[in-house]
1. Please go through the range 17-45 and give me each residue that is modelled with pLDDT of 80 or more and small (Gly, Ala, Ser), ordered by number.
2. Out of all the residues in the range 26-71, which are closer than 17 Å to GLN85 by Cα, small (Gly, Ala, Ser) and out of contact with any helix residue (DSSP H, G or I) (no Cβ under 6 Å at 6 or more places or on another chain)?
3. Please pick out the residue among ARG115, ARG87 that is under 19 Å from LEU15 (Cα atoms) and either in a helix (DSSP H, G or I) or of a type in the set (Gly, Ala, Ser) (or both).
4. Among the listed residues SER33, SER60, SER78, SER71, identify the single one that is part of a loop (DSSP other than H, G, I, E, B) and either more than 24 Å from the chain's Cα centre (by Cα) or loosely packed, with under 12 Cβ neighbours inside 10 Å (or both).
5. Can we say ALA14 is at pLDDT below 85, closer than 14 Å to GLN88 by Cα and either part of a helix (DSSP H, G or I) or under 14 Å from the mean Cα position of the chain (by Cα) (or both)?
6. Under the condition of being of a type outside the set (Gly, Ala, Ser) and surrounded by 13 or more Cβ atoms within 10 Å (Cβ to Cβ), which residue from the range 82-98 is farthest from LYS17 (Cα to Cα)?
Amino acid sequence: MTISRTTVPAKHPALLKEAEARAASIQNRAADSITAFAGSMWFVYAHIALFAVWMLFVESNPWPTLTLVVSLEAIFLSTFVMIAQNRQAAFSQAKADHDFINQEQELKTNTELTRQIHELTVALHETICARDA
């Protein structure tokens, strides 16, 4: 059997449900986009370029204004980090809840199958023993 390299791995149903709920909200989509960009190297490169241009060409004494801008940006970025952490926590909780329910159902199914196998084994044993007697 060959497995295609282009096969997309199945996603956990709880994660798909959570992603659909997040996609339905404009605020969540915006926060996800900002967080994705802020966590990329392009974000770092853009800041290096912007701060260099600002310090070299825009202001002769950029430090007070630059400090204010960077502080405000840090406040907003920390909020987006917390939003991303909340999102990850919601994903983890949804997955854990889904897995727990499935494991409980599987345990009940396995227990019932084990009982049925035991009953069949006892009945088979009694039949064989009655025939041999």
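The values are calculated or read from the model by the stated rules, or taken from the named source; none is laboratory data. Source: prediction; values computed, not measured. Every residue, glycine as well, gets a Cβ built from its backbone with ideal geometry; the counts of neighbours run over all protein chains shown.
1. Listed by number, the residues that qualify are ALA24, SER25, ALA30, ALA31, SER33, ALA36, ALA38, GLY39, SER40.
2. Listed by number, the residues that qualify are ALA30, SER33, ALA36, GLY39, SER40.
3. Result of the check over ARG115, ARG87: ARG87.
4. Residue meeting the stated conditions: SER60.
5. yes
6. ILE83
Matching residues to (1) over 30 Å from ALA38 (Cβ atoms); (2) within 32 Å of the chain's Cα centre (by Cα):
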site: ALA89; (1), (2): no, yes
site: LYS95; (1), (2): no, yes
site: GLN103; (1), (2): yes, yes
site: ALA123; (1), (2): yes, no
